[in-house]
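Taking it in order: structure first as structure tokens, then the write-up.
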Amino acid sequence: MKIVIGNDHSAVEMKNEIREYVKAKGYEVIDVGTNSGESCDYPLYGEKVGRAVASQEADYGIAICGTGIGIGIAAGKVKGVRVCTCSEPYSARLSRMHNNTNVLTFGARVVGIEMAKMIVDEWLDNVYEGGRHERRVLQLMEIEER
Ligand code: RB5
């Protein structure tokens with residue numbers, strides 16, 4: 001299974017640690033940058049992550065900026081992407097089980113590395129339940145058609 005990971009300048013160090021953590025969990029990882037601490041614009045990297053997921057180049061995406069918010073808004077603009085921006089593991093878990101999210105974002109200036117790893121674990125280790133949630137997830141996708 002493939003994970004695409006992207007970030008802005010505020011999250012290079014955290015991205016590097018999370019990329020290695022995700023690899024160690026057995027996933028193949030595509031790193032779309034940035035790998036520079038020089039100031040850059042998060043929409044570019046959010047879009048890269050979103051497009052890789054929407055085109056099925058990757059199964060899931062992880063995007064990190066200062067808060068996780070800007071890069072999450074950007075990724076969520078791509079059709080077919082369902083983003084969760086999480087600063088704790090419970091929401092990450094439920095977003096997978098109920099909302100079938102395919103992009104996870106968080107903030108390098110909001111959570112520490114150990115919390116980030118717990119968030120990633122809950123998100124990657126749980127599965128979409130379908131059932132009563134399927135109708136609602138389909139309704140989310142229908143919004144993109146209107
Ligand atoms: C960059 O300074 C910061 O605005 C960005 O990383 C992010 O937090 C935006 O949502």
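Annotations
- From the options E114, E142, E122, E134, residue that is buried (at least 20 other Cβ atoms within 10 Å of the Cβ), modelled with pLDDT of 95 or more, out of contact with any strand residue (DSSP E or B) (no Cβ under 9 Å at 6 or more places or on another chain) and not small (G, A, S): E122
- In the stretch 5-28, the residues that are free of Cβ contacts under 8 Å to residues at least 12 places away in the same chain reach residues that are more than 16 Å from the ligand (Cβ to nearest atom) and β-branched (V, I, T) with C-beta atoms within less than 7 angstrom, at least six apart or across chains, in these pairs: K23/V29.
- Residue in the stretch 35-42 that is among the acidic types (D, E), part of a loop (DSSP other than H, G, I, E, B) and either within 15 Å of the ligand (Cβ to nearest atom) or within 13 Å of the chain's Cα centre (by Cα) (or both) present: yes
- In the stretch 56-68, the residues that are in a strand (DSSP E or B) and within 12 Å of the ligand (Cβ to nearest atom): A63, I64, C65
- Set V78, V53, V22: member being under 25 Å from E142 (Cβ atoms), assigned to a helix (DSSP H, G or I) and either at pLDDT below 95 or more than 12 Å from the ligand (Cβ to nearest atom) (or both): V53
- Within the stretch 11-33, the set of residues being within 22 Å of V81 (Cβ to Cβ) and either touching a Cys at 6+ places or on another chain (Cβ under 6 Å) or aliphatic (A, V, I, L, M) (or both) comprises A11, M14, I18, V22, V29, I30, V32.
- Residue that is over 21 Å from Y27 (Cβ atoms) and under 12 Å from the mean Cα position of the chain (by Cα), where the choices are A116, A74: A74
- Leading residue by the ranking (surrounded by the fewest Cβ atoms within 10 Å (Cβ to Cβ)) among those in the stretch 38-61 that are without any contact (Cβ under 8 Å) to a residue 40 or more places away in the chain and of a type in the set (D, E, K, R): E38
- Candidates G76, G131 - the one that is free of Cβ contacts under 8 Å to residues at least 40 places away in the same chain and at positive phi: G131
- Count of the stretch 84-113 residues which are in contact with a Phe, Trp or Tyr (Cβ under 6 Å, 6 or more places away or on another chain), closer than 16 Å to G50 by Cα and among the hydrophobic types (A, V, I, L, M, F, W, C): 1
- Meets criteria (in a helix (DSSP H, G or I), crowded, with 24+ Cβ neighbours inside 10 Å and either of a type in the set (A, V, I, L, M) or in contact (Cβ under 8 Å) with a residue 12 or more places away in the chain (or both)) for I71: yes
The values are calculated or read from the model by the stated rules, or taken from the named source; none is laboratory data. Nothing here was measured: the structure is a model prediction, and the numbers come from that model. Virtual Cβ from ideal backbone geometry, glycine too; neighbours counted across all protein chains shown.
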